[in-house]
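The values are calculated or read from the model by the stated rules, or taken from the named source; none is laboratory data. Fair warning: this is a prediction, and the values are worked out from it, not measured in the lab. Cβ sites come from the backbone with ideal geometry, for glycine too, and all protein chains shown count toward neighbours. Side chains included, ligands, DNA and RNA excluded: accessible areas come from the protein's heavy atoms. Shrake-Rupley method; radii C 1.70, N 1.55, O 1.52, S 1.80 Å.
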Amino acid sequence: MSERERFLNHIGGAFVAPAGGAYLPVYEPATGAQYAEVAASNKRDVEGACQAAERASRGWRDASTEKRGAILDAIANKLEAQFEQFAQAESKDNGKPVSLARAVDIPRAVSNFRFFAGAIQHFASECHPTSADVLNYTLRAPLGVVGCISPWNLPLYLFTWKIAPALAAGNCVVAKPSEITPATATMFAQLCTEAGLPPGVLNVVHGTGPDVGEALCGHPSIKAVSFTGGTKTGARIASVAAPLFKKLSLELGGKNPVLVFDDADFDAAVATTLRSSFSNQGEICLCGSRVFVHDAIYDRFRDELVKRAKALRVGDPLEATTEQGALVSEQHHARVRGYLALAREEGSTILCGGEAVSPPGRCANGWFLSPAVIEGLPHSCRTSQEEIFGPVAALYRFKTEDEAVALANDTPYGLASVVWTRSLDRAHRVAANLHAGITWVNCWMVRDLRTPFGGVKQSGVGREGGWEALRFFTEPKNVCLKLS
Ligand code: NDP
């Protein structure tokens, strides 16, 4: 590279260098080499972004829902037109197979904008006619300026999942993507300006969580924080924002159970469990990492899952046939391997995978790991309880439905869960008893953007999606009118 690419902040509709003039390296996980640098911003940049957002706030709030929707639609169209560029950038920045970025990340980012462009046209508030002469009606006003903080695993997908409802509802946004994967958020901010989003309505400030994220959460202009990331970070954000009485939506980690009963459609259960364990190298908060299999089919299921996990093609994310790309960073790669070493100490058998992989050619120094299936872990040990967030699936045997549900619920997390059974009664019963914000029955990652999305226990507070998101990004105000 002759001149290294630089990802700058996008404030007030233009690219802006960070106030302190500092930059952080950005790596391509597939090669392990630095390919760009990103603004290492500080609270002065956050201040500038909040001021730009405040200036834009009145105009955007007062724009009709039709106008806001039209601009969101224009953004979706423009993103669709640059689909391949974004898919390539996402793959390079994150390490995911470009085929996955094409099939999931970028289409979903388009859908996020298209969906909320339409949803805001149908969003309504309540009216309570109390008596013949008293009417209560609820106004739902935008909050003003809001903060959106997103992680590195599905960079554009989760960035737009927050920004689209915030903008649709009439708020201005200051957003902080993960500094580990800043590429597509930077490209997207520019695309929004080109698509007609007024300057200052969306501002992107890059930098570390402690420097930028925390300054954002504590800034007096920011009325609400929508955060997706790890549970510890969520707790830190709450400790900054809650005493300032800001609205908070926290989408946090998971240790999701998959329950496979002996009456399940075996082939569908194995094929989908392979996906739910290893898609995006297991770096999806919804991935199933604890797989509970009924005793009667355990051995057959284990053997088939191991056979298919071994066959997954790990390699250059840009190759069409690659199924497993690189883990996002050297540090994360070491962390996942550390958990595999711990799993061995805790008594498990690693049935396959868990080895660093060095594909031939340009990716020889990339952060690749073969997908691991393990068994024999006690359920109370750390590897069974803590989120690994990598290509590691642990198998457990169960004999009764009650036992399976009790084990599934036995973690501090409660994000997603998956149930495989042909029994309608059992499906309803188990779905109702699992402590999770989402239960998929005989499927995984089938998404309808109208449905509430979020977790219970340490997986978060609040819900995203559909009306939930639009309600979060608006403030209800009741007007009680007495007729004379
Ligand atoms: P982190 O919690 O480390 O980071 C998430 C974002 O928060 C990043 O932009 C990060 O910045 C920022 N951040 C870090 N510290 C602070 C702070 N003190 N104040 C404000 N912001 C801060 O998560 P990861 O990026 O490592 O993502 C993986 C985690 O996200 C996993 O636990 C996963 O389960 C969870 N996740 C949850 C989802 C859900 O919907 N429930 C979906 C996807 C992921 P930076 O990294 O730049 O320092």
* **Nearest-10 value in Å² for the accessible area of ILE149, using the 1.4 Å probe** => 10
* Structure fact -> Amide H proximity to TYR23 below 5 Å, modelled H, separation 5+ or other chain, gives ALA40
* Structure fact -> 1/(1 + (r/R0)^6) with r = Cβ-Cβ of GLN331 and SER423, R0 = 56 Å, i.e. FRET efficiency to nearest 0.05, evaluates to 0.80
* Roughly how many nanometres apart are two label points built 7 Å out from the Cα toward the Cβ at ALA19 and LEU318? -> 3.9
* **Expected 222 nm ellipticity per residue - DSSP helices of 4 or more, -39500 (n - 2.57), all of the chain, to 500** => -11500 deg cm²/dmol
* For the chain, average projected area of the Cα convex hull in nm² -> 24.4
* Under 17 Å Cα-Cα from LYS43, which aspartates and glutamates qualify once same-chain neighbours fewer than 8 residues away are excluded? -> GLU54, GLU179, ASP211, GLU214
* Structure fact -> Between the modelled labels at LYS310 and GLU403 (7 Å from Cα along Cα→Cβ) the distance in nm is 2.8
* For the stretch 256-448, report the convex hull volume of the alpha-carbon atoms normalised per residue, in Å³, without decimals. => 114
* **0 to 90° range, to nearest 10: angle between helix 231-241 axis and the chain longest Cα axis** => 20
* Structure fact -> Cα-Cα longer than 32 Å, checked against LYS457/LYS482; LYS78/LYS223; LYS92/LYS310, kept in input order, equals LYS457/LYS482
* Structure fact -> Along the dipole axis of the stretch 256-448 (charges at Cβ: +1 for Lys and Arg, -1 for Asp and Glu; origin at the Cα centre), the most positive-end residue among GLY366, LEU342, ASN256 is GLY366
* Structure fact -> Toy charge model, Lys and Arg Cβ at +1, Asp and Glu Cβ at -1: the stretch 342-437 dipole around Cα centroid in debye, rounded to 20, equals 300
* In degrees, nearest ten, helix 155-168 long axis to first principal axis of the chain (Cα) -> 30
* To do: Might you tell me the accessible area per residue for the stretch 207-267, computed with a 1.4 Å probe and given in Å²?
  => 36
* Structure fact -> Given Cβ charges of +1 for Lys and Arg and -1 for Asp and Glu, the option among HIS332, PRO452, PHE473 whose Cα lies farthest towards the positive end of the dipole of the chain is PHE473
* Structure fact -> Site ARG55, offset 7 angstrom along Cα→Cβ, radius 14 Å on amide nitrogen, limited to the stretch 175-213, gives 198-203
* Asked: Under a 5 Å amide H to amide H cut-off, with H placed in plane at 1.01 Å, what residues pair with GLY13 once short-range neighbours are removed?
  -> GLY200
* Asked: Mind checking the dipole of the chain: about its Cα centre, +1 per Lys or Arg Cβ, -1 per Asp or Glu Cβ, Debye to the nearest 20?
  -> 940
* For the chain, find the longest principal axis of its Cα atoms and tell me its angle to the long axis of helix 298-311, 0 to 90°, nearest 10. => 70
* GluC sites (Glu not before Pro) restricted to DSSP loop in the stretch 2-63 with at most 16 other C-beta within 10 Å -> GLU3
* **Sequence-separation-based contact order of the chain, relative, with Cα cut under 8 Å and 6+ spacing, percent** => 19
* For the stretch 256-448, size of Cβ-based charge dipole, Lys and Arg +1, Asp and Glu -1, in debye -> 280
* Asked: Between PHE159, GLY288, ALA175, whose Cα lies farthest towards the positive end of the dipole of the chain when Lys and Arg beta carbons carry +1 and Asp and Glu beta carbons carry -1, centred on the Cα centre?
  -> ALA175
* If each of ASN365 and SER239 carries a label point 7 Å out from its Cα toward its Cβ, how far apart are those two points in nm? -> 3.7
